[in-house]
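The values are calculated or read from the model by the stated rules, or taken from the named source; none is laboratory data. On a predicted model such as this, the values are computed, not experimentally measured, just so you know. Don't worry about glycine lacking a Cβ; one is built from the backbone with ideal geometry, like all the others, and counts go over all protein chains shown.
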């Protein structure tokens with residue numbers, strides 16, 4: 001069995017492969033696009049509707065270049081994103097609950113809170129944008 005390849009088609013293929021290789025060596029590389037998308041997603045997350053009391057939640061949303069991950073380091077970010085059930089805080093060792101200024105009694109009922117979806121919807125939108133950018137870069141290289 002023999003296969004004949006048109007030499008002009010082979011040259012076109014080699015040229016396109018070289019262009020695809022060039023994508024990985026320029027600003028259009030997948031890793032650069034990924035880093036840019038990660039930073040854009042973090043920037044979008046830090047915009048409203050992120051709840052701001054002290055600004056700690058906003059400050060603790062970061063992009064880790066090495067892990068290629070968007071991280072919320074605030075320990076309560078999941079409670080803000082998904083909400084919480086109602087619960088009761090009870091005294092264990094002390095006689096009353098206090099914050100140093102006010103006394104609250106032997107137990108305090110904390111009401112349920114609805115979640116404020118500040119994180120995952122913006123990550124999803126950013127990933128959709130990233131996929132579009134990657135497709136555009138590939139299409140530009142294949143022209």
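Data overview
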{"read-out": "Sole exception among (1) within 30 Å of residue 139 (Cβ to Cβ); (2) exposed (fewer than 12 other Cβ atoms within 10 Å of the Cβ); (3) modelled with pLDDT of 85 or more for residue 31, by number", "value": "(3)"}
{"read-out": "Residue count, the range 82-93 (criterion: in contact (Cβ under 8 Å) with a residue 12 or more places away in the chain and either over 30 Å from residue 46 (Cβ atoms) or in a helix (DSSP H, G or I) (or both))", "value": "5"}
{"read-out": "Lone unmet requirement of (1) farther than 26 Å from residue 34 by Cα; (2) modelled with pLDDT under 85; (3) surrounded by 11 or more Cβ atoms within 10 Å (Cβ to Cβ) for residue 89", "value": "(2)"}
{"read-out": "Residue satisfying all of: in the range 110-128; touching a residue at least 40 places away in the same chain (Cβ under 8 Å) and in contact with a strand residue (DSSP E or B) (Cβ under 7 Å, 6 or more places away or on another chain); nearest to residue 78 (Cα to Cα) among these", "value": "119"}
{"read-out": "Lone unmet requirement of (1) in contact with a helix residue (DSSP H, G or I) (Cβ under 8 Å, 6 or more places away or on another chain); (2) assigned to a loop (DSSP other than H, G, I, E, B); (3) in contact (Cβ under 8 Å) with a residue 24 or more places away in the chain for residue 49", "value": "(1)"}
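Conditions tested, residue by residue: (1) touching a residue at least 12 places away in the same chain (Cβ under 8 Å); (2) touching a strand residue (DSSP E or B) at 6+ places or on another chain (Cβ under 8 Å); (3) part of a loop (DSSP other than H, G, I, E, B); (4) closer than 30 Å to residue 37 by Cβ.
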position: 57; (1), (2), (3), (4): yes, yes, no, yes
position: 62; (1), (2), (3), (4): yes, yes, no, yes
position: 70; (1), (2), (3), (4): yes, yes, no, yes
position: 80; (1), (2), (3), (4): yes, no, no, yes
position: 95; (1), (2), (3), (4): no, no, yes, no
position: 108; (1), (2), (3), (4): yes, yes, no, no
position: 130; (1), (2), (3), (4): yes, no, no, yes
position: 134; (1), (2), (3), (4): yes, no, no, yes
position: 139; (1), (2), (3), (4): no, no, no, yes
